[in-house]
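Beneath this line is the structure, given in structure tokens, with notes to follow.
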Amino acid sequence: MLNSAKWIAYPGDTRYDCPLFEKQFSAKGEIKKATVTITSLGCYYAELNGRRIGKFVMAPGFTMRGRVQCQTYDVTDCIDAENTVNVYLSEGWFKGKINFLEGRQFAERTKCIIAELTLTYKDGTTETVVTDESWQVKKSKSSMVDIYDGEHYDANFEDSFVPVAVLDYDKSILVPQQGVDVIEHETVRPIEIIKTPAGETVIDFGQEVTGYFTLTVDAKKGDLVHLEFGEVLDKHGNFYRENYRTAKAEFKYVCRDGVQTHKPKLTFWGYRYIRVNAFPGELTLDSIHAIVVHSDIKRTGYLDSSNPMLNRLFKNIIWGQKGNFLDIPTDCPQRDERMGWTGDAQVFCRTASYNFDVEQFFAKWLTDVWMEQKEIGFVPHIIPQVWGTDSPSAAWADAATICPWQIYLTYGNKKILKDQFASMCGHVDSIGRITKRPSLWYGCGHFGDWLGLDAPAGSYKGSSNEDFIASVFYAYSTLLVVKAGRVLGRNVTKYENLYNRIVAKIRKTFKKYKTQTECVLALYFDIATDKAAVAKQLADMIEANGKRLKTGFVGTPYLLHALSQNGYTELAYDLLLQDQFPSWLYSVKCGATTIWEHWDGRNEEGEFWSRDMNSFNHYAYGSVADWVYGVACGIQTVEEQPGFAAIRIAPQPTDKLDHLSASIETRHGLVSSRWYHENGKVRYEITTPVKSTVVIDGKEFEVEAGSYLF
């Protein structure tokens, strides 16, 4: 790709600032079509004749391991007789503070761009304008742009253009765009300007968002706007941002004379509140508006109930996904992290694929998984891998098998399995190489049941046996390799035999379960030989804890499923609707607008869990929505006919809600399930786009596509 173009850069040191490249050219006739193909090491923002090229925010996205995506845009409507191309360039994910390994194999390289503009004239001739020695560059008005730290911008700064530096970098890393563009979505107006007890001026947007903002100010030259971003207020009502850790998350703007507007181009923040440290003139609700930014994924799933708090939870799950699906599935969008943690992605994958169309989104990220995996021999904790890594962790590395299989089930496209099958096998094979005991995943470092509430004092890990957790996921990943292999017509006898050995060894080695999570995994993954006894043990543990959970990242996604699959659906509803700590609705009661990282991110006294690791926009526990879709409302894929080509709809209502509904826009059309109480009975409204099996009170009905009342 871009065979005639050259990599070009600013000739001096531009670390953390944002150079501006420029090329002027004349059109030689009437234009039929014009396209530009462009990419960068770093993130770019491009304009042609003052008009933005494309809508992709933070292009070319977060890529890695010798793979840089190229974008092609139609710019026919932007071409004039005389033309100017401008490209702004920041470090982005490539060399900014977010990249602890400094670009890894690109450590010696500087941020740069490469582009080719193709003009097709109406007379049939073509012309290309490429990045080369003829371009010029200067420092822009942005003296600092960084994903963690924000932006410093001086509206009065001017610099002179100088010739670009041409770099002899290879082009083998260039690939066509695979991922989903990140674009602007909602504009959110603030709901209030607060004067805090500490005397601070704070803007409240009423909703935590990921993105940037538009600023409008009437000022004099040299006046300063200084903003800082935060998720929550402390128990006294003061601005709080210690949980951002080292991320400065600020914006400084030196004004010119008069009314002016500004919108950042190459960074983003996660925030609900903005502290206004300096602002010339009158600050009003029209001065700053938030702009929501996330991958261009289509909303496909909807949930609704008779319980307002539950509905707020559903909204929080959606906002958590939007805030963290910014080119990759991140853990959080605000602090000095924002990484593609594999564990978070796999536990949320099913919910994610029902809420939004994420097939292409995950296809790109899973390609990154495989490329990192090939390089280091196993699946690292975060993808792209920019922090270095220890040995793989169970339930995190298993994203390599769980995510492709779930995307296949939701969308029915074998390509994801074909593309990722080597990765799936490679993950299982790597466990066999590192384990200390054959047929178990044993004696390796793991995250365990991360943030489980039964953790010993001073530990982030729950009390569940790490070797048991790891071995169960070893079995599950092996089973998924078997299932994927059968779909693809591969010989998987080796993995079939391995799966049987793993399960037998687990049952022989781990005969008792001492935590909620251990019981959940034994039930959900079909390890327990006496399911009735283990289900009762789990139910008794929950009852003894006041109908409250103690599970962390590993146990929580499967908790309600394990209960409902074993005759305890009402107890599962008790957990879903519990509003005392710890519970999903506890955070809602505390005013959350996204999903918290910790059950007790803020305790009942208003104190924060910690300053070290306490995100208030962390989507993993939002995985509970897949139970609402698939069990409470009963919309289920059929493994033999994936992608909702056939559907099983088996709702499980409760007297604890007056009504509950779910809908998913599938590849075959809309499926919806709604139940409600009426005259002492339950009425079910079912719509299916394909032949389906509907199960009502244990009785099965085979129905054709259509709408039905039961």
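The values are calculated or read from the model by the stated rules, or taken from the named source; none is laboratory data. Here the structure is a predicted model, which is why all the values come from computation and not from measurement. Cβ: placed from backbone, ideal geometry, glycine included. Neighbour counts: every protein chain shown.
List of remarks:
- Within the stretch 436-478, being free of Cβ contacts under 8 Å to residues at least 24 places away in the same chain and closer than 19 Å to Met541 by Cα holds for one residue alone: Pro456.
- Test for Gly66: is it surrounded by fewer than 16 Cβ atoms within 10 Å (Cβ to Cβ), within 25 Å of the chain's Cα centre (by Cα) and touching a residue at least 40 places away in the same chain (Cβ under 8 Å): yes
- Apart from one condition, Leu488 fits all of (1) surrounded by fewer than 20 Cβ atoms within 10 Å (Cβ to Cβ); (2) among the hydrophobic types (A, V, I, L, M, F, W, C); (3) within 19 Å of Ala399 (Cβ to Cβ); (4) in the same structural domain as Cys425 (by TED's automatic domain parsing); the exception is (3).
- Each residue in the stretch 540-564 was checked for being outside any helix (DSSP H, G or I) and without any contact (Cβ under 8 Å) to a residue 60 or more places away in the chain, and 4 pass.
- Subset of the stretch 639-653 [of a type outside the set (D, E, K, R), touching a residue at least 60 places away in the same chain (Cβ under 8 Å) and touching a Leu at 6+ places or on another chain (Cβ under 8 Å)]: Pro642, Gly643
- The lone criterion from (1) free of Cβ contacts under 8 Å to residues at least 60 places away in the same chain; (2) at negative phi left unmet by Gly567 is number (2).
- Test: residue in the stretch 182-191 that is out of contact with any Asp or Glu (no Cβ under 8 Å at 6 or more places or on another chain), crowded, with 22+ Cβ neighbours inside 10 Å, closer than 19 Å to Leu285 by Cβ and aliphatic (A, V, I, L, M): no
- When Thr84, Thr126, Thr72 are checked against the criterion of being without any contact (Cβ under 8 Å) to a residue 60 or more places away in the chain and hydroxyl-bearing (Ser, Thr, Tyr), a single residue qualifies: Thr126.
- Applying a threshold of 7 Å to beta carbon distances and a minimum spacing of six or more residues, or different chains, the list of pairs starting in the stretch 522-536 at a residue that is surrounded by 15 or more Cβ atoms within 10 Å (Cβ to Cβ) and ending at one that is among the β-branched types (Val, Ile, Thr) reads Ala522/Val534; Leu523/Val534; Phe525/Val472; Ile527/Val472; Ile527/Val503; Ile527/Ile506; Ala528/Val534.
- Residues that are within 22 Å of Ser459 (Cβ to Cβ) and in a helix (DSSP H, G or I) were ranked within the stretch 588-632; the one that is farthest from the chain's Cα centre (by Cα) is Tyr621.
- Listed here are the strands (runs of 3 or more DSSP E) enclosed by the stretch 634-710 that have at least 3 residues being over 28 Å from the mean Cα position of the chain (by Cα) and not small (Gly, Ala, Ser): 669-678, 681-688, 692-696, 699-703.
- Being among the polar types (S, T, N, Q), over 30 Å from Ile318 (Cα atoms), within 36 Å of the chain's Cα centre (by Cα) and not assigned by TED's automatic domain parsing to the domain that holds Leu283 holds for only one residue in Thr110, Thr120, Thr125, and it is Thr110.
- Residue check for Ile38: outside the structural domain of Trp269 (by TED's automatic domain parsing), in contact with a strand residue (DSSP E or B) (Cβ under 8 Å, 6 or more places away or on another chain), in contact (Cβ under 8 Å) with a residue 24 or more places away in the chain and crowded, with 23+ Cβ neighbours inside 10 Å: yes
- Within the span defined as the stretch 613-623, every residue fails to be at negative phi, of a type in the set (Ser, Thr, Tyr) and free of Cβ contacts under 8 Å to residues at least 40 places away in the same chain.
- Of the residues in the stretch 197-218, at least one is in contact with a helix residue (DSSP H, G or I) (Cβ under 8 Å, 6 or more places away or on another chain), of a type in the set (S, T, N, Q) and closer than 25 Å to Gly591 by Cβ.
- Top-ranked residue of the stretch 427-438 - restricted to ones that are of a type outside the set (Val, Ile, Thr) and surrounded by fewer than 21 Cβ atoms within 10 Å (Cβ to Cβ), ranked as farthest from Leu479 (Cα to Cα): Lys436
- Sole exception among (1) buried (at least 18 other Cβ atoms within 10 Å of the Cβ); (2) in contact with a strand residue (DSSP E or B) (Cβ under 7 Å, 6 or more places away or on another chain) for Tyr676, by number: (1)
- Strands (runs of 3 or more DSSP E) within the stretch 187-286 that include 1 or more residues touching a Cys at 6+ places or on another chain (Cβ under 8 Å): 201-219, 224-230, 269-278
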